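The values are calculated or read from the model by the stated rules, or taken from the named source; none is laboratory data. Everything quoted here is computed from the prediction, not taken from an experiment. Backbone-built Cβ (ideal geometry, glycine too); neighbour counts: all protein chains shown.
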Amino acid sequence: MTVERLTQPVLITLALVALAVFALISGLDPVLLGASIIIAAQPLLLAAIGEMVVEKSGVLNLGVEGMMIIGAIAGFAFAVESGSPWVGFLGAALAGAALALVFGVLTQVLLSNQVATGLALTLFGLGLAALIGQPYSGLKPPAFGSLDIPGLSDLPVVGPLFLSHDAVVYFALGLVIAVWLFLGRSRPGMILRAVGENHAAAHALGYNVIAIRLAAIAFGGACAGLGGAYLSLVRVPQWNEGMTAGAGWIALAIVVFGAWKPWRVMLGAYLFGGVTILQLNLQAANLTPLWLLAFGLFLFAIWRTLTSRAGPIELLLLWLGTIALGTWSAAYPISIQAQYLSMTPYLVTIIVLVVMSADRLRANQNAPASLGQVFHKSG
Amino acid sequence: MQCDGFAKGPRVTPLLSINGITKAYPGVVANDDVSFTLMPGEIHALLGENGAGKSTLVKTIYGLVRPDAGSMMLGGKAFQPSNPQAARAAGIGMVFQHFSLFEAMSVAENIALGMTSPPDRRELSRSISETSARYGLEVDPFRQVGDLSVGERQRVEIIRCLLQQPRVLIMDEPTSVLTPQEVWTLFETLRQLSAEGVAILYISHKLEEIRALCDRATILRGGKVVASCTPVEETAQSLAEMMIGQSMAAPAVHNRTPGDLALDVQSLNVKSDDPFGVDLKDISFSLMSGQILGVAGVAGNGQDELMLALSGETLVTPETLFLGRRDISVARPNERRVSGLLCAPEERLGHAAAPAMSLTDNAFLTGNARERLSWNGFIKSQVTSNFARAIIAGFDVRTPGPTALAGSLSGGNLQKFLMGREIMQRPRVLVVNQPTWGVDAKAAGDIRRALSTLADEGAGVIVISQDLDELMEVADVFSVIAGGRLSEPVKTGSISIEEIGLMMGGDASVTQQMEALHVDP
């Protein structure tokens, strides 16, 4: 058990290293790639850490996608109208929280079904964002500069990779630390976990289950809104209808993948961000069926690593084989259609969710025990 | 039936007095003008059947329920807690029947959650160790609650209350999940607290325990106080009659001779899917037809896992389960039903019955396989409805008719229906888990008689229960499940309650003694 706990983050990091090796053999600059992975991971990280807090309080909000797209358009609109991206981010967080509270009131006060309400929230968010976004398509948002530190940001490798990002990247890192401290070390965080673990007992001890859950839901919505605004203000930066393109669903998968633990959720966000960027870059590069085979082996290696059924020697062989096959495939380039590559982030999401939920004992281990259950005060 | 005989020295002012508390829910008056007093250092029993209003009353005292009328006085001052925090601040502590603990969290975290302003971690774990040493409530503050036994969990709850120096301690059905030895340890702790002046309100329907422990008893029936007495001056019989308001029927005497082999289990091993579940280890036993096997044990020792393995919800390795001579180890639940192995699980709403479906539909759900209630995939609605009606008539289920929703029936009536549904299918082997849990005394008696009759007619019956008295009454042979292991079955009556208690706590030496006693079927 303890060995498992220690090796898992190590092996996930190893997977990230393997990604970098792939980048190198495909003729990409790993530093630039790393920096763009960090950018690509931010929306996922923000949305996932928010959703993790919501799920820790025992609520399953499947409306992340809807809250993200509302955050994207609200952030864009506020930034364009005010001329300040900061106002944009603030507006996005408020809009995300407001939409989340619609979900909160429906599920916590009116006791509607969480899964159905969450799905409805996604559909509603997508539609509403498209409506609000009509006048904004084609506009350019005000620029959101990076916080360069004179001297340090120009350092080779370390500079572009860690020290020349925008404020939101550092904010997100701070948020992960804050959530980690809040849940693990503070009394309100302990109460929130207690509510997610056993809402009837928390109620019997006199805690206000509904108010705590509403607060968590609003926080999750604000985080998802920020993530969406990061897409429309920094990553793209432009407003397109449906521009989140499933990022909310990936964020939900990351929470499960990260086993409801802040640091693992962060690693997961970077891993998925990595897959997204890699497929974009590889669409330009020449690819072969051999490469796909290498990628298949890569996924298989991740699976063996996560399920911890394999011994260390098998894992080492798997990862070495993956890297070797990847190198070989780079030597014989034949191009394949880009559509197949666009699928990969979603494919990885599905594979991860299937693998994680296939092992029932493992899936139960860290999940909040009251997750998704309706709480009703009675007696 | 007033026989107020509280005689512990001169009269002192009551610590807590309840005056005319009334609380109505839609369709039911849970408390109707309830009044009684609690003296300092008194152990006061609140006695009544399920649904008599005990839980509502204590929730009112603990600030979870606000009464419609009436008042309370605590230490001479008006007491009206608006929430549990206020009640705790005023000196009320409560140990819940279904523990209010969080399995994935540590003992110290659980205790901190139950305190209004807990000290820091180090100070807290120090005072936990101090309190647990003082009252003989051993527990490690850093262990995860999910890994603790039921007895240990209760200690956590009690320590949580004691750390706040309560003046009144409310215990809601504290012994329903303990071994007899754990019960005695608990009583020692309670007597020590009472000697220190803490008033204890003890809720139970176990009459012998109340006679052994309590100074006074207030008896509730249908939300009203019907009597108040000194338990030692009463008999269990007279207390029971006050509680249910009628005389009890004597249990049926049974003298059955076992027939052929009905169910054979050979070294059954099952790993549990639940992180806090129990793995079944090397379980072997043989059940004869016309025999009732009682399986005793503290909750969470593998009863649910055993039930799932027998019903076919978890499939087991081949050649471990035999119905007669047939290997049913990998047969699915419906195949097992067709061959005559029927089960009635513990959880009535959600597992044994679908609450939002009618009785007819529920009858179909397990009855279809054996009673052929469908034809080419279509439900034979008339036949199914008649089947449900026959169950209702045959087992005295009080309901408007077979179209009533399962969830609308009271616990006792639904349980009679569920037992009837399986018994009416003439099983070769019937497995029931906690058949009378949360069922009123009359329905419980009916269910036990029905199980006896089924065995008289030649079926093999396994009764899994935490109620030792129940098992002593119905079972022919008897075994104990502890930590996922099942002891060799012995004849009921060949061992004492004390020995059974030790085995429930997993004492190996007693298990060996038991094996020496074991009867060959």
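Structure summary
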read-out	value
Residue identified as modelled with pLDDT under 90 and either within 24 Å of B:V198 (Cβ to Cβ) or among the polar types (S, T, N, Q) (or both) among B:G48, B:G41	B:G48
Any chance A:G242 is touching a residue at least 24 places away in the same chain (Cβ under 8 Å), closer than 29 Å to B:L101 by Cβ and small (G, A, S)	no
Odd one out for B:K77, checked against (1) closer than 22 Å to B:N31 by Cα; (2) more than 14 Å from chain A (Cβ to nearest Cβ); (3) of a type outside the set (G, A, S)	(1)
Residue satisfying all of: in region B:279-319; in a strand (DSSP E or B) and among the hydroxyl-bearing types (S, T, Y); surrounded by the fewest Cβ atoms within 10 Å (Cβ to Cβ) among these	B:S284
Among (1) surrounded by 15 or more Cβ atoms within 10 Å (Cβ to Cβ); (2) at pLDDT 80 or above; (3) within 14 Å of another protein chain (Cβ to nearest Cβ) - the single one B:K271 does not satisfy	(1)
Qualifying residue in region B:215-222 (condition: over 22 Å from B:I21 (Cβ atoms), assigned by TED's automatic domain parsing to the domain that holds B:Y62 and not β-branched (V, I, T))	no
Flag if B:A89 is under 30 Å from B:I111 (Cβ atoms), modelled with pLDDT under 90, out of contact with any Asp or Glu (no Cβ under 7 Å at 6 or more places or on another chain) and aliphatic (A, V, I, L, M)	yes
Listing of helices (runs of 4 or more DSSP H) fully contained in region A:170-236 that carry 2 or more residues being in contact with a strand residue (DSSP E or B) (Cβ under 8 Å, 6 or more places away or on another chain) and surrounded by 24 or more Cβ atoms within 10 Å (Cβ to Cβ)	none
Any helices (runs of 4 or more DSSP H) falling wholly within region B:21-121 and containing at least 2 residues that are in the same structural domain as B:I200 (by TED's automatic domain parsing) and surrounded by fewer than 21 Cβ atoms within 10 Å (Cβ to Cβ)	B:84-89
Residue match in region B:253-264 (condition: of a type in the set (S, T, N, Q), outside any strand (DSSP E or B) and within 14 Å of chain A (Cβ to nearest Cβ))	no
Only listed residue being over 30 Å from A:G184 (Cα atoms) and touching a residue at least 12 places away in the same chain (Cβ under 8 Å), chosen from A:P43, A:P85	A:P85
Test: residue in region B:123-139 that is crowded, with 23+ Cβ neighbours inside 10 Å and touching a Phe, Trp or Tyr at 6+ places or on another chain (Cβ under 8 Å)	no
Residues of region A:161-204 that turn out to be under 12 Å from A:V53 (Cβ atoms), within 14 Å of chain B (Cβ to nearest Cβ) and free of Cβ contacts under 8 Å to residues at least 12 places away in the same chain, as a count	2
Count of residues meeting criterion [buried (at least 22 other Cβ atoms within 10 Å of the Cβ) and either assigned to a strand (DSSP E or B) or without any contact (Cβ under 8 Å) to a residue 40 or more places away in the chain (or both)] in region B:472-492	8
Single residue of A:P142, A:P135 found to be modelled with pLDDT under 95, touching a helix residue (DSSP H, G or I) at 6+ places or on another chain (Cβ under 8 Å) and not aliphatic (A, V, I, L, M)	A:P142
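This table checks each residue for (1) more than 27 Å from B:S286 (Cα to Cα); (2) assigned to a loop (DSSP other than H, G, I, E, B); (3) modelled with pLDDT under 90.
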site: B:D361; (1), (2), (3): yes, no, no
site: B:L365; (1), (2), (3): yes, no, no
site: B:A393; (1), (2), (3): yes, no, no
site: B:G407; (1), (2), (3): yes, no, yes
site: B:F417; (1), (2), (3): yes, no, no
site: B:E422; (1), (2), (3): no, no, no
site: B:T436; (1), (2), (3): no, yes, yes
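Quick grid of which residues meet (1) at pLDDT 90 or above; (2) over 16 Å from B:V298 (Cα atoms):
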{"residue": "B:S452", "(1), (2)": "yes, yes"}
{"residue": "B:A459", "(1), (2)": "yes, yes"}
{"residue": "B:I462", "(1), (2)": "yes, yes"}
{"residue": "B:Q466", "(1), (2)": "no, no"}
{"residue": "B:V474", "(1), (2)": "no, yes"}
{"residue": "B:F478", "(1), (2)": "no, no"}
{"residue": "B:L486", "(1), (2)": "yes, no"}
{"residue": "B:P489", "(1), (2)": "no, yes"}
{"residue": "B:G493", "(1), (2)": "no, yes"}
